[in-house]
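First comes the structure, then the notes that go with it.
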Amino acid sequence: MNIIALDLATKTGIAVGKPGCVPICFTEVLGETGAHHGARFSQALRMMNRLIKQYQPGLIVLEAPIGVHGGGSKKRPEVLMGLRACVMGIAHMHHVPFQQHEVATIRKHFIGHGRLKRVEAKAATIKRCKQLGWTVQNDDEADAAALWDLACSQNSRAHSIANIGGLF
């Protein structure tokens, strides 16, 4: 079963693969700087439709939304929630199960610490991907790979045993 993991943003990191295998990691940009929300949502719908048709996943996973606090621009939360809705809608349309996981849970699983500062966590995630021999070009892809690994571990006993780091 292929699993698609997304670090969803206007620059979306994607990791795809079967548990126990090396994930394919890449980035898709959903709109130019300043693009209208509708254009980004349209690109997200097309991207998900294409990914589902191409990889025929048995599961799609995303990071759980982080709380939106007052202050600052409303544009970023609006875009992120809209992109999530696009992914969830296409997954539902294709009858693909959807899960989400908290960022702290993903980091705890993948790098052993769920409460590192953002910059430290991103660097540790990239380092862990390289230790596993996974090719990632940026922290978006590394975050998607970490999420993919968590989903694989929860859905495949063989994957979770294989990635303990040589213990078995």
Exercise for review: Would you mind finding the longest exposed-site-free stretch of the chain, with exposed trypsin sites (Lys or Arg not before Pro) meaning DSSP loop and at most 15 other Cβ atoms within 10 Å?
Suggested key: 1-73
Check your understanding: Between residue 26 and residue 98, 0.36 nm times their residue separation minus their Cα-Cα distance comes to what?
Key -> 23.9 nm
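Compute the length gained on full extension between residue 120 and residue 105: take 0.36 nm times their separation in residues and subtract their Cα-Cα distance, giving the result in nm to one decimal. Working shown, then result.
Numbers: separation 15, 0.36 × 15 = 5.40 nm, distance 1.58 nm.
Between residue 120 and residue 105, full extension yields 3.8 nm more.
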Point to revise | Gain on full stretching of the segment that runs from residue 76 to residue 138 - 0.36 nm per residue minus C-alpha separation | key: 20.3 nm
**Study point:** Nitroxide proxy distance, nm - points 7 Å out along Cα→Cβ at residue 130 and residue 113
**Key:** 1.7 nm
Point to revise | the chain, relative contact order [Cα under 8 Å, separation at least 6], % | key: 31 percent
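Counting other C-beta atoms within 10 Å, which of 66, 4, 90 has the fewest, and how do the rest follow? Please list the in-between numbers first.
Details: 66 10, 4 30, 90 21.
Fewest to most other Cβ atoms nearby, the residues stand as 66, 90, 4.
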Point to revise | Under the Karplus curve 6.51 cos²θ - 1.76 cosθ + 1.60, θ = phi - 60°, whole-Hz ³J(HN,Hα) for the stretch 3-14, x wherever Gly or Pro sits | key: 10, 10, 10, 10, 9, 7, 6, 4, 10, 8, x, 10
Check your understanding: Counting only complete DSSP H runs, which helices of the chain cover 15 Å or more along their long axis at the Cα atoms and score a mean Kyte-Doolittle of 1.0 or above?
Key -> none
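No value in this document is a laboratory result; all are computed from the given coordinates. Since this is a predicted model, take the numbers as computed values, not measurements. Don't worry about glycine lacking a Cβ; one is built from the backbone with ideal geometry, like all the others, and counts go over all protein chains shown.
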